[in-house]
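Quick notes on the structure that follows.
The values are calculated or read from the model by the stated rules, or taken from the named source; none is laboratory data. Since we're looking at a predicted model, the values are computed, not measured. Using ideal geometry, Cβ is built from the backbone for each residue, glycine included, and neighbour counts are taken over all protein chains shown. Heavy atoms of the whole protein, side chains included, go into the accessibility calculation; ligands, DNA and RNA do not. Shrake-Rupley method; radii C 1.70, N 1.55, O 1.52, S 1.80 Å.
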Amino acid sequence: MNPRILVAIVVAVIGIAPQIAPPFYVTLLNYIGLYSLVALGLVLLTGVAGQTSFGQAAFVGLGAYTTAVLTTQYGFSPWITLPIALGITLVIGYVLGIITLSMGGHYLPLATIAWGISLFFLMGTIESFGGFTGLTGVPPVSIFGFELLKESHFYYFIWLVVLAALWCVANLLDSRPGRAIRALKQGSTMIEAFGVHPGRMKTAVFVIAALLACISGWLYAHLQRFVNPTPFGINQGIEYLFMAVVGGATSVWGAVLGATLITLLKTWLQDLLPQIIGEAGQFEIIVFGILLVVMLQYARDGLLPYLQHFVPQAKRALPAAADRLQHRTMPVADSPVLDVNTARKTFGGLVAVNDVSFNVNAREVVGLIGPNGAGKSTCFNLISGALDATSGSIKFMGQELIGQTASTISKLGLARTFQHVKLVATMTVVENVALGAYLRGTKGILASALKFNREDEAAALAEAMRQLERVGLAAHAHDAASSLPLGKQRIVEIARALASDPILLLLDEPAAGLRFAEKEQLAKLIRGLKDEGMTVLLVEHDMDFVMGLVDRLVVLNFGQKLAQGLPEAVQADPAVREAYLGA
Amino acid sequence: MSDALLEVSDLHVAYGQVEAVRGVSLSVPAGKIATVIGPNGAGKTTLLGAIMGLLPSHGAIRFAGDRIDGKDTEALVRMGMSLVPEKRELFAEMTVLENLELGGFARRRAGESRAALANTLEEVFALFPRMKERQPQLAGTLSGGERQMLAVGRALMGKPKLLLLDEPSLGLAPLITRDILLTITKLGETGLSVLLIEQNARAALQTADYGYVLETGELSLEGKAVDLLHDERVIATYLGKR
Amino acid sequence: MDFSIAALLTQDGLTNGAIYCLLALALVLVFAVTRVIFIPQGEFVAFTVLTLASFEQNKLPGTVWLLIALAATVLLAEIVAYRKEPGRMLRAMAASALPCVIAAAIVWAVFAMQAGFALQVAATVIAVTSMGPAIYRLAYQPVATAPVLTLLIVSVAVHFVLTGLGLLFFGAEGARTSAFTGSTFALGSMNVSGQSLLVYAFTVGLVVAMALFFKYTLFGKALRATAANRTGARLVGISPNFAGSLSVTLAAAIGALSGLLIGPITTVYYDSGFLIGLKGFVGAIVGGLASYPIAAGGAIFVGLVEAFSSFWASAYKEVIVFTLILPVLLWRSFTTTHHEEE
């Protein structure tokens, strides 16, 4: 069965439900819709981007109270309060994100706990907000003069919004910014090297989650026509997170699944537990807490993957390879590309790179070699911008690289691979490669969510396919990146680097851990790239691998340059022999 | 070998899809020094991590005749194995003395007396007089060579039967490397069994009794250390075959 | 505001701040050793007050049932975990479930014998402390290597469970314990309550005891070693589970002692622990969840802010205290350098 048919069935069920279900279930479905919106934001934030928030209920409250106060006390139309509420949420979400997201992953959730509690007490304290008794008389929403007074009418409004939100978020995840968001969990080094600003991206995701919660709150206020602080407390914030965890982040539908299961479970438990215990009270939190712990211990990806098991994955057509993006002008052969001059890096008292100088010219393959601990990787990181040199100069195409961020360096035309392969395991090979073309695309989050990015997206995927064909992995385009053997993963990394249209390709220990045949293939590929006019600097420890491959070698030992020159001459150098075999 | 203290047979270690160690079998006879040499990326550190229970692996590992694969690192420490890891893994914010005292943690918990530990401490100080001078200093402020001494000293505080050393020469100047390896020779003479992992092939083979060459996760050569020292294939492994 | 009011508020602020300070130290300890942000810390405080109050009201504390429930769950978990190794199963049960069983027996015995105040206090502290190993075993040990974020969500779930169990076993009514002392002393023109002095003395004593524990004892050093370098600790034979369990148990003990101090000052409900614990958190975050002295200073500052804002804008007390975290985080984000996690 085609998954599209499944989606159509789900949409049809949602459409018919209020006609056949008793009113109690319509109310329940309304709540499920409202919760799904909030959970959707958390699926994006927690499941995809690897951040979390316990304060989503406060954003729901912000949406609800903004519209309740402005409509009841100032006579605003709900359609005007919505953009106002979204605007306030955007500012608060942005400020919270900017403050916390540049630090460790646990500061955002802690800040959201504090923010959730503050707002809860604020809502309950301010007199014009009606204190803990709340505000009544919130007007209904009217669409083209039709007032949505009945729950079964509002139902369609809520679920239209939910389906639109699901569509937008699914679009977003399958786009240029979406691939960057999906790569956030990997850590920042890799995405920075392709021009993504991780802090900004995380903040954007947090703001999106907050906006979805705000919309849910706005809907809630006009559904209930009454607000008080109780549903916006920290416990509800935790329950939202619970929905996202239970549903799982493998698809946007996880949000709907989580919201449905938790809402039904809560309704059932609130009936059942007081009967067993013989007292009224929020005993369901015991069950919720235990379930959450068990889920995190045994099924961290949520329940959706178990259901997806029964749904066949859609077979997507391979994009045709095409060259539709702008190119840089490549330097002419033998013109200077990289000039490292007395570069130095110290860590505390330790001198890792000690006044090293060397250069790379256009269309050359240069090997930077040395035994373990010689300072090769540090040197490499200085060039790629992952580390800042203590002193000296590193010029690329005449521009100073020291002090520049990895993302600026990437813009100048320098692309790298990683010693420990950094592919996004949850993305396909072609998506991973398309991430390399990030800076060559332009469409942002909003355009992608609304699918105004078709041209941009098609060009990026066509470029990714072109690079996969270039390296000979086109057949694996739709495989999960993690399913490939190491040798192929390294070649995918090279394709990803090529997708950024680099002038200089930096390869970090490309042969480490490869088998003999894989090394042969890799060497052949690098030779082919050189013939096509690429300039390559590779860091290696494997002499055997570099010998027949490079034009020149630079040897480091104890952070200093030990020798440089033609491979054979370097190999015969007694100092090099000693460094490699030991004294 | 029946008198082997450590015996590894057909060991496999994988990181996800990537198999870093493929079917390695080796043994360390009681009272001898064995070495595994090989270029960077060959899987040497992975091999030690698996033996010490820090990484999951497949295959049989025996220590003094008992199967130890699948056991916790802490249990292996109690049985008499000590690892000096490549990254040293010292307690940087604690003093040299505290680092050494903690080296005896498993023995203290097993009920050994303070006096017994104090004796071992004196032995370590005799081996590394520099550590005696640096007692109150924080481990994080030591030089590279001193850190290595402290890491070895901390391992010795556990009175191990088998000492596993991962690249003790890494990042150290040649003179300090020589000192450290001389110390290892000395320890070998006291009857301690040692498994030495090194990239510095010549120094390692000069120190050890028996050697193995590891290349991309598989053993390519083995033999008496003196024989390997002059083997053309060892030189080729390091400097390229062409 | 005149001097006497300021002095009174300062005294109040320092008293609460001292208690937050103890909680902040416990939170830093647990985070340093296990990377767990220990949200349920406040529940230990609430359970202590409610247990002691039950004793005082001559009721069997619900703690007995709470301990038995925990012990039963742990036994079940150990049976599942070690079904093939009976020897290890028994040892594991002894470590994580036995303390709960013994503590339940002690609480019951103290109640049944109508023992005096001192024994009631001792039984309460033992009961709450013995929850530490069980909670670590059930919630954290199976996910000990998970990312900080997962551990944080687990913490929030544990907070949920404990709050719910608090309601189940102690009921919704609040309680206050009787003061240890009712005396007041004149210090110049102002009165200092004996209870406040007791809190200060107790806090200072506990901080000194903790410092000595970390500096001189084998277990204290083992905890510092685990915090400094987990792999290094394993290599000398310190099991991460042992260290984790020990740190959570210490946190429970500190929570219990804080509960003794706060009981006579505030009415505590089954769910009061959360807010109390979070105020310790604001302090701990000032110290970046890493520095004990800065965390302690931050917590005392939180107490003072709370006291003074309750005078100027009492309705906004909580809002002010929790909004305080934002400038603190802003300041930290400027002073800490960014580094890759995990």
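Screening segment B:184-236 for strands (runs of 3 or more DSSP E) wholly inside it with 3 or more residues that are among the β-branched types (Val, Ile, Thr), within 14 Å of another protein chain (Cβ to nearest Cβ) and buried (at least 23 other Cβ atoms within 10 Å of the Cβ) returns no ranges.
Residue-by-condition table, conditions (1) more than 21 Å from A:Trp115 (Cα to Cα); (2) at pLDDT 85 or above:
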{"position": "C:Gly298", "(1), (2)": "no, yes"}
{"position": "C:Val302", "(1), (2)": "no, yes"}
{"position": "C:Glu306", "(1), (2)": "no, yes"}
{"position": "C:Tyr316", "(1), (2)": "no, yes"}
{"position": "C:Phe322", "(1), (2)": "no, yes"}
{"position": "C:Leu330", "(1), (2)": "no, no"}
{"position": "C:Ser333", "(1), (2)": "no, no"}
{"position": "C:Thr336", "(1), (2)": "yes, no"}
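Filtering A:Val256, A:Val196 for residues that are farther than 30 Å from A:His420 by Cα, touching a residue at least 12 places away in the same chain (Cβ under 8 Å) and under 24 Å from the mean Cα position of the chain (by Cα) leaves a single hit, A:Val256. Residues of segment A:1-43 that are closer than 30 Å to A:Ala114 by Cα and either open to solvent by less than 10 Å² (accessible area, probe 1.4 Å) or part of a loop (DSSP other than H, G, I, E, B) (or both): A:Asn30, A:Ile32, A:Gly33, A:Leu34, A:Ser36, A:Leu37, A:Val38, A:Ala39, A:Leu40, A:Gly41, A:Leu42, A:Val43. Just to be sure, is A:Glu284 within 9 Å of chain C (Cβ to nearest Cβ) and farther than 14 Å from A:Phe242 by Cβ? So A:Glu284 fails the test. Across segment B:119-136, the number of residues qualifying as surrounded by fewer than 19 Cβ atoms within 10 Å (Cβ to Cβ) and within 14 Å of chain C (Cβ to nearest Cβ) comes to 1. Number of residues in segment A:492-533 that are in a helix (DSSP H, G or I) and open to solvent by 20 Å² or more (accessible area, probe 1.4 Å) equals 12. Given the structure, is A:Phe242 at pLDDT below 95, buried (at least 24 other Cβ atoms within 10 Å of the Cβ) and within 30 Å of A:Phe129 (Cβ to Cβ)? Spelling it out, A:Phe242 is indeed at pLDDT below 95, buried (at least 24 other Cβ atoms within 10 Å of the Cβ) and within 30 Å of A:Phe129 (Cβ to Cβ). Considering segment B:1-109, the qualifying strands (runs of 3 or more DSSP E), each wholly inside and each with 2 or more residues that are within 11 Å of chain C (Cβ to nearest Cβ), run over B:81-84.
Considering every residue within segment C:207-223, establish whether at least one is under 30 Å from A:Arg300 (Cα atoms) and either open to solvent by 60 Å² or more (accessible area, probe 1.4 Å) or within 14 Å of another protein chain (Cβ to nearest Cβ) (or both). For segment C:207-223, residues under 30 Å from A:Arg300 (Cα atoms) and either open to solvent by 60 Å² or more (accessible area, probe 1.4 Å) or within 14 Å of another protein chain (Cβ to nearest Cβ) (or both): present. Counting only helices (runs of 4 or more DSSP H) that sit completely within segment A:184-258, those holding 2 or more residues that are of a type in the set (Ser, Thr, Tyr) and within 12 Å of chain C (Cβ to nearest Cβ) correspond to A:188-193. Taken as a whole, the structure places A:Leu303 among residues that are more than 14 Å from chain C (Cβ to nearest Cβ) and within 31 Å of the chain's Cα centre (by Cα).
State all residues of segment B:137-182 that are more than 13 Å from chain A (Cβ to nearest Cβ), open to solvent by 10 Å² or more (accessible area, probe 1.4 Å), at negative phi and assigned to a loop (DSSP other than H, G, I, E, B); if no residue qualifies, say none. Correct list: B:Gln137, B:Gly158, B:Pro160, B:Lys161. Cβ-Cβ contacts under 6 Å between residues 6 or more apart (or on different chains), taken from a first residue in segment B:81-108 that is open to solvent by less than 10 Å² (accessible area, probe 1.4 Å) to a second residue that is among the basic types (Lys, Arg) and assigned to a loop (DSSP other than H, G, I, E, B), are listed as B:Val96/B:Arg134. Go through segment C:284-296 and give me each residue that's on the phi > 0 side of the Ramachandran plot and either at pLDDT 85 or above or out of contact with any Ser or Thr (no Cβ under 8 Å at 6 or more places or on another chain) (or both). Result: C:Leu289, single match. Residues that are in contact with a Gly (Cβ under 8 Å, 6 or more places away or on another chain) and among the β-branched types (Val, Ile, Thr) do occur in segment B:111-120, at least one of them. Part of a loop (DSSP other than H, G, I, E, B) and buried (at least 20 other Cβ atoms within 10 Å of the Cβ): is that true of A:Gly302 in this structure? So A:Gly302 passes the test. Scanning segment A:439-469 for residues that are part of a helix (DSSP H, G or I) and without any contact (Cβ under 8 Å) to a residue 40 or more places away in the chain yields A:Leu446, A:Ala447, A:Arg454, A:Glu455, A:Gln467. Just checking, does segment C:250-267 include any residue being open to solvent by 10 Å² or more (accessible area, probe 1.4 Å), closer than 23 Å to C:Glu173 by Cα, outside any helix (DSSP H, G or I) and of a type in the set (Ser, Thr, Tyr)? The answer is yes, given that some residue of segment C:250-267 is open to solvent by 10 Å² or more (accessible area, probe 1.4 Å), closer than 23 Å to C:Glu173 by Cα, outside any helix (DSSP H, G or I) and of a type in the set (Ser, Thr, Tyr). Residue by residue through segment B:30-71, note down the ones that are surrounded by fewer than 16 Cβ atoms within 10 Å (Cβ to Cβ) and acidic (Asp, Glu). Result: B:Asp66, single match.
Of all residues in segment A:73-103, those satisfying the criterion of being in a helix (DSSP H, G or I) and open to solvent by 50 Å² or more (accessible area, probe 1.4 Å) are A:Gln73, A:Tyr74, A:Trp79, A:Ile80, A:Pro83, A:Ile84, A:Ile88, A:Leu90, A:Val91, A:Tyr94, A:Val95, A:Ile98.
A Cβ distance below 8 Å, combined with a sequence gap of six or more or placement on separate chains, defines the contacts here; from segment A:224-249, residues that are farther than 16 Å from A:Ser53 by Cα reach residues that are crowded, with 24+ Cβ neighbours inside 10 Å and among the aromatic types (Phe, Trp, Tyr) in the pairs A:Val227/A:Tyr65; A:Val227/A:Tyr220; A:Pro229/A:Phe120; A:Pro231/A:Tyr220.
Considering only segment C:152-196, state which residues are β-branched (Val, Ile, Thr) and either open to solvent by less than 60 Å² (accessible area, probe 1.4 Å) or within 11 Å of another protein chain (Cβ to nearest Cβ) (or both). Once the filter is applied, which keeps residues that are β-branched (Val, Ile, Thr) and either open to solvent by less than 60 Å² (accessible area, probe 1.4 Å) or within 11 Å of another protein chain (Cβ to nearest Cβ) (or both), segment C:152-196 yields C:Ile153, C:Val154, C:Val156, C:Val158, C:Val161, C:Thr163, C:Thr177, C:Thr181, C:Val192. Can A:Thr46 be described as β-branched (Val, Ile, Thr), within 24 Å of C:Val148 (Cβ to Cβ) and part of a loop (DSSP other than H, G, I, E, B)? No, not satisfied.
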